[in-house]
Amino acid sequence: MTHGFSTRAIHAGQEFDPTTGAVVPPIYQSSTFVQDGIGGFRGGYEYARSANPTRDSLQTLLADLEGGAAAFSFASGLSAEDALLRSVLAPGTRIVMGNDVYGGTHRLVNRVWVPWGVTLDTVEMSDLDAVRAAVQAAPTAVLWVETPSNPLMKISDIAALAEIGHAAGAVVVVDNTFASPYLQQPLALGADAVVHSTTKYIGGHSDVVGGAVVVRDDELAAKVGFVQFGVGAVSAPMEAWLTVRGIKTLGVRVDRHSSNALAIAHALEGHPAVERVYYPGLESHPGHELAARQMRAFGGMLSVQLTAGAAAARRFAESTELFQLAESLGGVESLIGYPSEMTHASVRGTELEVPDSIVRLSVGIEDVDDLLGDVTQALSRLDA
Ligand SMILES: *Cc1c(COP(=O)(O)O)cnc(C)c1O
């Protein structure tokens, strides 16, 4: 019988140590493995770039939670994305991605892959007709989807996009970082591969940088596995272990992130200092119904547009106390950011540019009344 998500998050790939009975499998902080005679590998382990038991335990866990044939863990989200792109792109091929993908993803393709002979086109991913036209305009090797998107929290229809992408012969990739596998299961909706910055919700404690690729079938698994081994941007044992430790509480954390964020979104919507709240859990959000169908809850990320513009946005981002001003997201602690000069500074001047009146909140799992109080006091300081 298949167990529920949180049961699998605690047990998949996490058998106790057979020699000592340790409930938590040890960190195999070892680069190499003794052979019983030449080629006599114990458990298949030879050298830690090709495989390490701690990384294996994380990869088994991630494959299980995303419902994939295999998962591959990397030193960062971007190195995971790069390994997947090396497996599916070649000079002369083309990638179509959303016009609001994570800035680092756009930079990776635009500044690293395009000079190597790949063509990049961006499209409004929440507009299915526009995507259909884009993938039919020229041969498309990869359709790259990110939903919810950052920082405007647009929602794209994964099942419909998988169909459109497959009809055009493209590999369909979903960056599932914002939702996490707890809220959204892209492979079950038809995607071929999922990528994660495990730095964010999966790690969940702002103490580890990492990334992952999870694939639906064995053929793509063989390609990504070869790139992981052949290029070598693997996650280290300690990082893999910390990530496994984070995943055990993913479900309870994301439930709390989601309920806290919904409460804050409701409080901000209608506040005189706030022009607009971008949160898929609000009925006013254009992707609300789709998100309700596609996601278990609406997650911990939201953005607000300040009525008084850029100066007010900057002031708000610098006036919260519990929400700390920092890059990144998805940790237990609440963070606030000013995308146009922080996370999205690298896309200024491109069509991915973010309005300078927007502030992004990564709502943590602190007590909701404290978070509400913090946001409210910061907004009240705008009038002063
Ligand atoms: C952070 C992030 C990445 C990049 O991951 P790193 O771990 O920083 O390399 C990719 N996609 C999204 C949506 C992200 O938030």
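The values are calculated or read from the model by the stated rules, or taken from the named source; none is laboratory data. All values derive from a computational prediction rather than experimental measurement. As a convention, Cβ positions derive from the backbone with ideal geometry for all residues, glycine included, and neighbour counts pool all protein chains shown. To get the accessible areas, we keep the full protein, side chains included, count just its heavy atoms, and leave off ligands, DNA and RNA. Shrake-Rupley method; radii C 1.70, N 1.55, O 1.52, S 1.80 Å.
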Between 0 and 90°, nearest 10: helix 53-66 axis offset from the chain longest Cα axis | 50
Which whole-number value in Å² is the accessible area per residue of the range 251-383, probe 1.4 Å?
-> 42
In Å², what does the accessible area per residue of the range 5-247 work out to with a 1.4 Å probe?
-> 40
C-alpha long axis of helix 237-247 to longest principal axis of the chain, angle in ° | 50
Using a 1.4 Å probe over the heavy atoms of the protein chains, calculate the carbon and sulfur portion of the accessible area of the chain as a whole percent.
-> 54
Applying 1/(1 + (r/R0)^6) with R0 = 51 Å to the Cβ-Cβ distance of E333 and D121, what FRET efficiency is obtained, to the nearest 0.05?
-> 0.85
Classify the range 251-383 as rounded, prolate or oblate, taking a ≥ b ≥ c as the square roots of the eigenvalues of its Cα gyration tensor: rounded when a/c is under 1.5, otherwise prolate if a/b is larger than b/c and oblate if not.
-> rounded
Shape of the chain, Cα gyration tensor, a/c cut at 1.5 | oblate
When we measure straight from the Cα of K223, which lysines land under 24 angstrom away, once same-chain ones fewer than 8 places off are left out?
-> none
Once label points are set 7 Å from the Cα along Cα→Cβ at both A308 and H3, what is their separation, rounded to one decimal in nm?
-> 5.2
Applying the Karplus parametrisation 6.51 cos²θ - 1.76 cosθ + 1.60 with θ = phi - 60° to the phi angles of the range 161-168, what ³J(HN,Hα) value in whole Hz is obtained for each residue in order, glycine and proline being reported as x?
-> 5, 4, 5, 4, x, 5, 4, 8
Mind checking the angle between helix 77-88 and the chain's longest principal axis? C-alpha axes, 0 to 90 degrees, to the nearest 10.
-> 60
For A292 and L372, compute 0.36 nm times the residue count separating them, minus their Cα-Cα distance, and round to one decimal in nm.
-> 26.4 nm
Roughly how many whole Å is it from the C-alpha centroid of the range 196-216 to that of the range 281-357?
-> 20
Other-chain or far-sequence residues with amide H under 5 Å of D175's (modelled H) | V145, E146, T147, V195
